[in-house]
């Protein structure tokens, strides 16, 4: 009887602890990595080695030219996880304020836990020690608005003991839509920073060319804070994004349709493309700008249209033999820095394949990229 009572009390204590933990997690929202760590003791050697490999990957302080910096996004790849390899996959790239960043991982084993951590850089040589963003438990993707332009690093690491393949997409989308109806990036013919007035000033926006009378539209829900016909912008309209948000500037309009104080939704017509103000000698176009508390900011990343990337690559082997001497590079481009030269018949581990490049690791743990024609894949081991 006493044993039964003790068992019941223990069970109630466990249930109570679980409920408290769930309540706490609902408030603190721990990352997948933090939840995973709860399953290990502090002196667990395997976990400590796994965690140490993660720490070393983001604590590595090197200049961008000395590491794998992607030439641009989107980036897609297929790769393999190996239980013998604790080192996270590391991707470094630049992001601009106005973009929405996306990272998505898919595994061929659905039950495998994957940990994604996005880090920012304080400057070209120091990475912040705390992730800006980490994935939630049971999630294999995340997305975040970018508010500061700069260098970012994404680390991807599977749970301990994983042997499987994966696919990865890293890409961006704009925070806003496109301000001229029926047009896209190709219609932009003058960009931020271009010289104006013989070099006396610079362009504080982008010019989007379209036929006179083409609708210009709201690219966010907001309120029309001002309209008028004045100054360099001619017929113009200001749209406020939220109470304390940014102001979107539409200038050189042929006519203004929305009125001051009007609340609008995404897609509502605000006016029509024209060439009023100081644009009267140019073809019709919309001058579009964005202003925040500090002044004008580059609007292009906020409206640049992007396509959802698709993964076309496949990786049928995790081991390769060089067919000829090959140059290993830091990034999957022929212009990136050389890491070293490998010899014919050298054996390498194939970590990933992205486009025409293999991401490889040599027997002495040197990593880099080799062009696909230099390698002959061999069957999985």
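The table below gives the values:
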read-out	value
Test for residue 106: is it surrounded by 12 or more Cβ atoms within 10 Å (Cβ to Cβ), part of a strand (DSSP E or B) and modelled with pLDDT of 90 or more	yes
Flag if residue 80 is assigned by TED's automatic domain parsing to the domain that holds residue 57 and either surrounded by fewer than 19 Cβ atoms within 10 Å (Cβ to Cβ) or within 22 Å of residue 333 (Cβ to Cβ) (or both)	no
Residue list for segment 37-82, filter: modelled with pLDDT under 90, under 27 Å from residue 317 (Cβ atoms) and more than 21 Å from the chain's Cα centre (by Cα)	82
The lone exception for residue 320 - which of (1) in contact (Cβ under 8 Å) with a residue 60 or more places away in the chain; (2) crowded, with 18+ Cβ neighbours inside 10 Å it fails	(1)
Strands (runs of 3 or more DSSP E) completely within segment 274-334 that count 1 or more residues being touching a helix residue (DSSP H, G or I) at 6+ places or on another chain (Cβ under 9 Å) and under 30 Å from residue 350 (Cα atoms)	319-322, 326-329
Residue 326, sole failed condition from (1) surrounded by 20 or more Cβ atoms within 10 Å (Cβ to Cβ); (2) within 26 Å of residue 105 (Cα to Cα)	(2)
Residue count for segment 68-112, restricted to those that are touching a helix residue (DSSP H, G or I) at 6+ places or on another chain (Cβ under 8 Å) and closer than 23 Å to residue 173 by Cα	6
Some residue of segment 151-163 being part of a strand (DSSP E or B), within 21 Å of residue 297 (Cβ to Cβ) and touching a residue at least 12 places away in the same chain (Cβ under 8 Å)	yes
Number of positions in segment 109-131 that are buried (at least 16 other Cβ atoms within 10 Å of the Cβ) and closer than 27 Å to residue 306 by Cβ	10
Residue among 130, 120, 112 that is in a loop (DSSP other than H, G, I, E, B) and in contact with a strand residue (DSSP E or B) (Cβ under 7 Å, 6 or more places away or on another chain)	112
Output for segment 224-245, where each listed residue is in a loop (DSSP other than H, G, I, E, B) and under 24 Å from residue 196 (Cα atoms)	231, 232, 233
Residue selected from segment 263-294 under the condition surrounded by fewer than 16 Cβ atoms within 10 Å (Cβ to Cβ) and free of Cβ contacts under 8 Å to residues at least 60 places away in the same chain, by the criterion nearest to residue 223 (Cα to Cα)	263
Counted residues, segment 156-165 - those being at pLDDT below 95 and surrounded by 15 or more Cβ atoms within 10 Å (Cβ to Cβ)	3
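The values are calculated or read from the model by the stated rules, or taken from the named source; none is laboratory data. Values in this document were obtained by computation on a predicted structure and should not be read as measured data. Note that each Cβ is placed from the backbone with ideal geometry, even for glycine, and that neighbours are counted across all protein chains shown.
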